[in-house]
1. In whole Hz, with x marking every Gly and Pro, tabulate ³J(HN,Hα) for region 521-534 from phi via Karplus 6.51 cos²θ - 1.76 cosθ + 1.60, θ = phi - 60°.
2. Give me the one-decimal nm value for the distance between modelled label points at residue 499 and residue 122, 7 Å along each residue's Cα-to-Cβ direction.
3. Between residue 129 and residue 534, what is the spin-label point distance in nm, taking each point 7 Å from the Cα along the Cα→C-beta axis?
4. Would you give the gap between the C-alpha center of region 47-70 and the C-alpha center of region 462-476, rounded to a whole Å?
5. For 18, 236, give me the order by solvent-accessible area with a 1.4 Å probe, most accessible first, ignoring ligands, DNA and RNA.
6. When averaged across all projection directions, what area in nm² does the alpha-carbon convex hull of region 544-598 cover?
7. Given 556/586; 182/207; 62/573, which pairs have Cα atoms separated by over 26 Å?
8. Could you compute how much accessible surface residue 134 exposes when probed at 1.4 Å, giving the result in Å² to the nearest 10?
Amino acid sequence: MQKPLAPIHSRLTPVTLITLAFIAILFVTEPLWHWSLREPLTEAPVGTRRVMLQETPRLKAKTWSAQAVLLGEAADTLRGRRLMLTAMRGDTLPQANDAGSSQLSAPSSRNSALPSVGDVLLVHGAIQQPRDTHNPGEMAYGTWLRRHGVSGTLFCYADCWKRVGESPSLPWHFRLLRWREKMVQTYAAHFQGAELGVLAAMTVGDKSLLDAATRDEFSAVGASHILALSGLHLSILVTLFSFCLLRWLRRWRWAKWGAVFGGLLLMAAFVMLAGAPASLVRAAVMLGLALLCSLFERRGLSLNNLSLAALLILLYDPRTLFDTGFQLSFTAVAAIVVAVRRFPFPEKLSRWFSTRMLLVDAAREKIGREQLKEAMMTAPSVEEAQRLELTDFMPATLPLWQRFRIGLRLRLGTLCRLLWDMSVVSLAAQLATLPLVLYYFHTLPLWGLPLSFLVIPLAYLILLAAVLFFVLVPLRSVLAVVLKGLLTALIGAVGGFADLPGGRLTYHWEQAPPFVIYSRPVQPELHCPSGQWQGDVLLSPYGRVARIDGKHPYGKPQQPLPVDYLWLCRGAKGHLTDWLSYYAPKTVVLDATLTPYYYNTYAHEADSLRLPVHDIRVQGALVISKK
């Protein structure tokens with residue numbers, strides 16, 4: 001009979017207790033000490049500056065964006081600050097399709113119009129502090145940037161940025177990112193479209209080639225973790241490494257030590273090659289501890305090791321606690337650790353699906369007993385029958401049909417254990433992260449559990465084939481065909497589940513407001529279903545809005561038209577006093593699409609006239625929920 005497990009609280013070590021206490025302290029002190037800010041915020045007027053890209057640009061319909069670091073003289077106070085650079089795409093770049101995805105089949109080369117990692121750019125624009133847009137239903141992007149070390153944002157138009165060369169002394173992790181681009185270009189010689197985007201995201205963490213339709217399908221069925229390098233991908237690679245090398249070196253202690261430390265170095269190199277995303281760093285710390293525990297014959301996956309990994313990460317950067325990925329990953333792993341121990345494979349089935357040695361011995365003993373019984377009955381005397389032993393009648397090898405039956409039974413047991421473990425792991429992770437998913441994303445994928453039985457085995461095969469794709473160069477064409485088949489099966493399975501009715505349950509904590517002027521950097525956007533436009537004026541139950549996005553109309557009215565909001569957008573010309581001769585607003589709304597010149601001009605004039613101003617760049621979207 002299986003021994004009952006002790007309560008969880010009785011197995012907690014001081015490391016776990018210290019980690020829980022540290023997390024409680026962070027939750028209390030974060031609002032007081034503003035630990036969400038890694039460095040001072042950056043704000044600078046319009047000017048031309050040199051920056052170096054730190055990542056592969058992410059393409060959108062009309063823009064590209066990437067993190068960059070400011071360059072300058074040693075005395076420059078802004079030198080070394082990290083920015084989120086967003087730039088309009090020039091006319092020489094490929095246009096996006098209807099789904100909002102680029103038709104690029106591979107990262108740009110050194111001679112193309114799109115910059116790359118390590119390129120030095122001249123950009124012209126104003127640096128602003130990362131601020132939340134407060135758009136309904138959208139994440140707090142400014143807070144996310146600040147917690148990830150980005151201290152400023154810079155937006156420039158297509159003719160306001162220029163690549164001037166490459167950095168003469170690239171750090172080694174940037175060189176790894178350049179190597180990653182070469183790997184993706186190798187992929188591009190054999191793959192294209194959604195297959196290329198999924199393969200690059202799953203194997204090297206490059207999501208720049210993923211189109212919006214593929215992202216939406218994976219998100220709708222709860223399979224987004226397949227595209228983001230995380231503990232799943234790293235655990236697959238560690239499993240392959242352990243199967244290919246560690247299992248053969250267990251007999252020699254020093255060889256095993258060398259293999260484990262070699263695995264740690266390979267794991268660190270893979271993390272840096274993928275750009276060191278937070279999810280992969282967390283997984284590397286946890287799996288690294290598990291590998292070290294294997295040297296001392298300790299259980300690698302436990303709550304104590306998980307707590308130690310969380311403590312190390314939080315000591316290095318306490319703000320990580322408030323990252324959504326950190327909360328989801330550690331909650332899921334903690335639930336998996338508890339569920340695997342609480343719900344092991346049933347003991348009765350485990351005895352039936354025994355090991356090969358026990359099954360073979362049992363079959364040999366059964367045959368020997370039958371033959372011994374016949375020999376005892378045919379023995380000429382009792383003394384000779386007593387001298388007979390069972391081992392003399394046990395066959396050295398079993399018949400073919402019995403060996404086949406035992407092999408089939410063992411493989412059936414392996415399959416049952418695999419399905420049981422996958423069910424426990426998937427169900428535990430989804431139930432544990434359900435409150436966080438509802439709180440952050442307001443969606444619940446209902447097909448996540450059955451789909452995991454397809455995508456996880458396919459992920460194993462895709463990663464294994466990708467490793468062989470780069471190792472076995474002469475067989476690269478053959479492996480490319482195999483990878484295409486696996487990727488087609490993965491994308492087809494996700495798309496099939498996404499088309500099923502009721503695949504995703506959407507939940508919102510509150511209803512969408514009826515009147516919103518969104519914070520958009522490129523195109524002005526207003527949402528008011530109950531309103532009606534008459535020329536440039538919106539008539540709605542929530543007030544009158546005069547939209548200004550062009551030159552003055554001909555002829556001034558005898559008396560300005562009373563409006564509630566004067567909405568100044570990109571394209572507005574002239575001075576504010578000229579527009580006040582057409583409209584008499586209660587509030588002036590400065591849109592985020594205004595050019596820096598007119599933005600400063602209108603803000604200064606409104607301040608001198610003492611008019612109430614809603615600055616969308618600073619205050620976020622204008623939201624009215626009541627009449």
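1. Couplings: x, 10, 10, x, 8, 10, 10, 7, x, 8, x, 9, 7, 10 Hz.
2. Placing both labels 7 Å beyond Cα along the Cβ direction yields 5.2 nm.
3. 4.1 nm
4. So the separation of the two Cα centres works out to 32 Å.
5. Largest accessible area first, the residues go 18, 236.
6. With every direction weighted equally, the projected area is 3.5 nm².
7. none
8. Here the residue's solvent-accessible area equals roughly 110 Å².
The values are calculated or read from the model by the stated rules, or taken from the named source; none is laboratory data. None of the values given here were measured: they were computed from a predicted structure. Cβ atoms come from the backbone with ideal geometry, glycine included; neighbour counts cover every protein chain shown. Only protein heavy atoms, including side chains, enter the accessible area calculation; ligands, DNA and RNA are left aside. Shrake-Rupley method; radii C 1.70, N 1.55, O 1.52, S 1.80 Å.
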